[in-house]
Amino acid sequence: MVDGDPQVDDGMRGRRKHAIETGCHIFTLLVGALYVLAFAVALQTGYLSWIGIAAGALLTVPGVVAPVLGLTGRRHLSAVLATAGIGLPIMIALIMEVSLLRAKSDSTGNWRPYRFDAELAAIEAERAVPDAENAAHRYESLSAVMDVNDKPEFLFLGSSLREEFGEHPWKGEDYPQASAWLDSQPGIIDELLVIGGMEKCRWPVQADVYDDYTVPYRTLRHSLLLLLAIGNRDLGEGRVANALAKYFCELRIADHLHQQPSMVDSLTGFGVERVALHMIRQILVQSDLSDEDIAQIAHHLPPAADPWLQEWERLLERDKLRYMNLLGRLYEVNEAGNVRFAARMVFSPKNEREPKEPIWVPRVYWLINMPLDPRGVRDIADRHFAPFDLHARSGPLPQEKGHEWYILASPKDIARGMCNFYRWGIEMAFFNGREYVHHRQRLAPAMADRRGTWLVLGLRRYRNVYGAWPQTLDAISQYVPPEAFLDPLAGAAFAYAFNGDGFKLYSKGPNRVDESGRHGYVRALDKLEDDLAVWPPAVDEPDTEPIDDEELKKQFAEIYGKDYAETMFREDPNGKQ
């Protein structure tokens, strides 16, 4: 046997080694290119701190440069750079983590989640009013003497106090027990009327989404039900002025809620005023009123102008604060004012040193995506809310679904979640564009109700002057604010129909189709209609015919969409829905 030539063997091994090394460099270059792409996406999120950007560069740049050097024959330099690219970030991360954990042994309980108390104090100082002028203090006194559980059983025979006595006028002689019970609350009613004369109300700001609500809703709900029931009894027994006093008090309570920088309080306020406006419209159309009476009603009606910009400014600063306090949980502060990154996620402000620590995160993770100084969180909040602020101030929002300033799931969102899962989570859950768009849209029916009431008031003024209802809305332009004529739901004029002894006034609804004031599913026409009645009030007619599943499914599809209806009516494996 003839042995092979050693030089030939060495040459073949060298070529194979070179081919393998070349393949490894090309593979590494491809992986490095993917890292560069991921790093570019991460940079676009705006989530990385300067430390995170530097660390990302240390990982991505060697991953591209090292294989290029290897392909050009600079193997030694390529190997050194590749080793540095892998080892140096790991070493830096370990050093940082050790330094950040230097105080981990502290178990004295002096460390707590960081809160932006200075920003809260600035907001409270800007909205502060003297205690004597602040209705919130009177509500506190009222809560101390009011028993919200005082609900006699005879009032609730299958229905609520509002259903029985809060939706229409009634007489005490028809309901003697209820009337006697209401007469046992004179001190509370008198106190509510005093509160109704106070313009300003400032409950403390809810500075964190996990803080308790500061608005005493149980007291307010009980108060409103009492005012409605007694006001409707006054109206039923002919005491129009007394009834109006109760309804004006409800409008004032609604205004107190509007003064709070919260979407929940705002929507609740609109709900309260819609109930009062419903009864005021009845008085305007059906009662004998003088010009002075109508002027008094006009004085108490909420403005017809769109309040959105003022409300948005209140919401914006409060939501920025809540956003900042949630991100503040990534930091800890002690009694001496020293600040460090938190190694665990603590959510409940009532028990900040929970024995169970649900999430533990290496502190070095926060270094790559959060500023070293928590005061830098303010800049993060300003950048996050900037596009919302721009669109909120750009004019009326459309009613259709789909808005470019939504935060939706996308590759960029995946990058956000990887860069800072906590920040991405709270932005998606609490502070995304959809919430503000939906809130803006939910205000439209309430504003239609406000403006419709102004139009009814103008119609009544015209009738007092000329002795009859006008034939068109143009005839009342001198009696109402110009904003009242624009229907915020349809973006057009309200629909008005004169019929001699009366009239019909309604909004055409978001679909902008005149459906004669009908709202809901109309079986005879087999379609869903969305007009909003202003006058006469909408009446739910009993449906005596049963609705089969197919028809119900069709209604669900009209209201909620086809996909939702399919989900609701999908059969299970056993054949049941």
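For beta carbons closer than 6 Å, sequence separation of 6+ or different chains, a first residue in region 121-133 that is under 27 Å from Asn325 (Cα atoms) and a second that is outside any loop (DSSP other than H, G, I, E, B), the qualifying pairs are Ile123/Glu317; Val129/Lys200.
Residues that are in a strand (DSSP E or B) and either in contact with a strand residue (DSSP E or B) (Cβ under 6 Å, 6 or more places away or on another chain) or among the aliphatic types (A, V, I, L, M) (or both) do not occur anywhere in region 468-481.
Does at least one position in region 236-246 carry a residue that is touching a Pro at 6+ places or on another chain (Cβ under 6 Å) and in a helix (DSSP H, G or I)? For region 236-246, residues touching a Pro at 6+ places or on another chain (Cβ under 6 Å) and in a helix (DSSP H, G or I): present.
With respect to the conditions (1) in a helix (DSSP H, G or I); (2) at pLDDT below 90; (3) within 22 Å of Gly271 (Cβ to Cβ); (4) not hydroxyl-bearing (Ser, Thr, Tyr), Ala446 falls short on a single one, namely (2).
Residue check: is Ala533 under 28 Å from the mean Cα position of the chain (by Cα), among the hydrophobic types (A, V, I, L, M, F, W, C) and buried (at least 20 other Cβ atoms within 10 Å of the Cβ)? No. Here Pro303 meets the list (1) part of a loop (DSSP other than H, G, I, E, B); (2) modelled with pLDDT under 95; (3) surrounded by fewer than 17 Cβ atoms within 10 Å (Cβ to Cβ) almost entirely, failing just condition (2).
Okay, residues lined up against (1) in the same structural domain as Ala245 (by TED's automatic domain parsing); (2) at pLDDT 60 or above; (3) among the polar types (S, T, N, Q):
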{"position": "Met96", "(1), (2), (3)": "no, no, no"}
{"position": "Tyr114", "(1), (2), (3)": "no, yes, no"}
{"position": "Leu142", "(1), (2), (3)": "yes, yes, no"}
{"position": "Phe154", "(1), (2), (3)": "yes, no, no"}
{"position": "Gln185", "(1), (2), (3)": "yes, yes, yes"}
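Answer yes or no: is there a residue in region 411-422 that is farther than 30 Å from Asp208 by Cβ and outside the structural domain of Gly269 (by TED's automatic domain parsing). Yes, because at least one residue in region 411-422 is farther than 30 Å from Asp208 by Cβ and outside the structural domain of Gly269 (by TED's automatic domain parsing). Scanning region 164-205 for residues that are assigned to a helix (DSSP H, G or I) and under 30 Å from Arg314 (Cα atoms) yields Glu191, Leu192, Leu193, Val194, Ile195. Summed over region 469-502, residues that are surrounded by 20 or more Cβ atoms within 10 Å (Cβ to Cβ) and in contact with a Pro (Cβ under 8 Å, 6 or more places away or on another chain) total 4. With respect to the conditions (1) at pLDDT 95 or above; (2) under 36 Å from the mean Cα position of the chain (by Cα); (3) not small (Gly, Ala, Ser), Pro488 lacks only one, and its number is (1).
Could you please find all residues in region 410-440 being farther than 17 Å from Met370 by Cβ and outside any helix (DSSP H, G or I)? Selection gives Ser410, Phe430, Asn432. Considering every residue within region 510-524, establish whether at least one is within 30 Å of Pro302 (Cα to Cα), modelled with pLDDT of 90 or more, small (Gly, Ala, Ser) and not in a strand (DSSP E or B). Scanning region 510-524, I find no residue that is within 30 Å of Pro302 (Cα to Cα), modelled with pLDDT of 90 or more, small (Gly, Ala, Ser) and not in a strand (DSSP E or B), so the answer is no. Count of region 215-242 residues, restricted to those that are of a type in the set (Ser, Thr, Tyr) and either modelled with pLDDT of 95 or more or more than 20 Å from Phe270 (Cβ to Cβ) (or both), is 0.
The values are calculated or read from the model by the stated rules, or taken from the named source; none is laboratory data. Not measured: the values here are computed from a predicted model. All Cβ positions, glycine included, derive from the backbone under ideal geometry; neighbour counts span all protein chains shown.
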